[in-house]
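What follows is a single structure, written as structure tokens, with notes after it.
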Amino acid sequence: MTTLNRLPATLLLAAIVPLCWMAPASARDSDVGALHASWRGCLHRNFDLQALVTSRTLAVESAVKSCRSSEAAYLAALSTSPLVDDEDVSRVRPALIQRAKGWLLSKASGTRPL
């Protein structure tokens, strides 16, 4: 059990998400940073399409569901960091999804970074 396992999910999320920007530029661009951008772009595109035909709440759920493969790739890349392990990533996933949903729902009122 790592020290990070004892941290609340929100603190762990705050520690994990910036990891994609702490890697050297070449690793960041080809790995975690690119996968995070891909996941965020997938959420954005799917939400925008679904919001045209359904409620914003249903559009958020649909976008998250449609982008599971991008999310899984991003989380798998995070779990390769020497600072976190698979268990840490699994624990923080619900908080990350909630943050993504909040970001999508607040898009119309102003962009908030994911």
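Being basic (Lys, Arg) and modelled with pLDDT of 55 or more holds for only one residue in ARG28, ARG45, and it is ARG45. Residues of the range 79-95 that are in a helix (DSSP H, G or I) and either open to solvent by less than 30 Å² (accessible area, probe 1.4 Å) or touching a residue at least 12 places away in the same chain (Cβ under 8 Å) (or both): GLU87, ASP88, VAL89, ARG91, VAL92, ARG93, PRO94, ALA95.
Can you tell me which of LEU58, LEU114 is surrounded by fewer than 19 Cβ atoms within 10 Å (Cβ to Cβ), among the aliphatic types (A, V, I, L, M) and at pLDDT 95 or above? Quick ask: steps written out before the conclusion?
Details: LEU114 fails: at pLDDT 95 or above.
Answer to the selection: LEU58.
When the range 37-65 is examined, which residues are found to be acidic (Asp, Glu) and farther than 13 Å from ILE97 by Cα? Selection gives ASP48 alone.
The values are calculated or read from the model by the stated rules, or taken from the named source; none is laboratory data. Keep in mind it's a predicted model, so treat the numbers as computed, not measured. When we count neighbours, we look across all protein chains shown, and the Cβ atoms used for this are built from the backbone with ideal geometry, even at glycine. Only protein heavy atoms, including side chains, enter the accessible area calculation; ligands, DNA and RNA are left aside. Shrake-Rupley method; radii C 1.70, N 1.55, O 1.52, S 1.80 Å.
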